[in-house]
Amino acid sequence: MASAPSPDTDRSRSAGPPGGGAAPPGADDPPGHDGAVPPPDFDYLPSTVTRSAKLLVTGPFGVGKTTLVGTVAPLVLRMDEAMTEASLGVDDLRGTPEKTTTTVAMDFGRLHLNESLVLYLFGTPGQVRFRPLWEGLADGALGALVLVDTRDLDRCHDVLDLLEEYGTPYAVAVNRFDDGTDYPLHEVRQALDLAEATPLTTCDARDRQSCVGALITLVEYLSARRLEPSP
């Protein structure tokens with residue numbers, strides 16, 4: 001399994017109360033904690049964790065990446081900012097008139113699969129101008145789950161081309177929107193020009209069981225690839 005760094009866990013403490021002197025014990029700790037030992041699962045990985053796996057959740061702007069990561073992972077870091085007029089003429093915002101924020105760096109989710117294995121989910125920015133950041137996030141990833149929207153499948157091609165360019169294995173999941181059309185999957189496969197071996201499934205980014213099913217589809221595909229004999 002490829003290792004991924006855990007989030008920065010250095011919780012800086014305040015310099016103390018006005019006028020000098022030490023801050024009272026536990027002054028900046030979460031409620032209900034006495035300050036002696038960090039509460040379990042607050043910032044730090046349990047000592048039993050010995051392995052990690054890194055997966056990308058990617059796709060075009062407004063396709064549901066942030067929602068999926070937040071739905072699946074109980075521990076989430078979001079980096080959203082309000083959209084401004086500066087993005088006009090730069091970002092392709094077709095089909096997303098209701099969007100008021102955008103991911104400017106990444107979404108990060110941590111999910112404990114068992115006592116020794118942790119899964120890191122990295123949601124990528126959707127805009128083309130963040131490609132250098134996308135390349136950094138892809139480094140060390142076992143694979144990617146690509147979310148697509150049937151309301152505008154053409155916007156998915158840039159992401160698929162990028163994954164092909166970097167040789168990152170991926171599965172595709174059609175995220176179901178309330179006003180979207182449920183096309184047969186074989187038609188979606190044809191429209192996206194996906195290889196027959198590329199997994200294609202559906203999900204609802206708001207439903208945890210549905211999202212987990214899509215991730216399982218990706219992991220099963222990655223496992224099968226590892227077992228394939230080398231050419």
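No lab work stands behind these numbers, since they all come straight from the coordinates. The shown structure was predicted, so the numbers you read here are calculated from the model rather than taken from an experiment. Every residue, glycine as well, gets a Cβ built from its backbone with ideal geometry; the counts of neighbours run over all protein chains shown.
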(message) Under a crude label model (7 Å from the Cα following the beta-carbon direction), how far is GLU196 from ASP182 in nanometres?
(response) 2.7 nm
(message) Check which residues have an amide H placed less than 5 Å from THR202's amide H, if you skip close sequence neighbours.
(response) VAL174
(message) Quick check: residue separation of GLU165 and THR50 times 0.36 nm, minus the Cα distance between them. What number comes out in nm?
(response) 38.3 nm
(request) Set the Förster distance to 22 Å, then compute FRET efficiency between ARG189 and ARG225 from the Cβ-Cβ distance, nearest 0.05. (result) 0.75
(request) Please work out how much length the chain gains when fully extended from ASP139 to SER116, using 0.36 nm per residue of separation minus the C-alpha to C-alpha distance, in nm with one decimal. (result) 6.0 nm
(message) Net charge within 12 Å of THR168 by Cβ-Cβ distance, Lys/Arg positive one each and Asp/Glu negative one each, not counting THR168 itself?
(response) -3
(message) Just to confirm a number: summing +1 for Lys and Arg and -1 for Asp and Glu over residues other than ALA138 whose beta-carbon lies under 15 angstrom from that of ALA138, what do you get?
(response) -4
(message) Looking at the calculated P(r) for the range 100-231, what percent of the C-alpha pair distances fall above 24 Å?
(response) 30 percent
(message) Can you report the principal axis dimensions of the range 117-174 using only the alpha carbons, biggest first, rounded to whole angstrom?
(response) 36, 24, 18
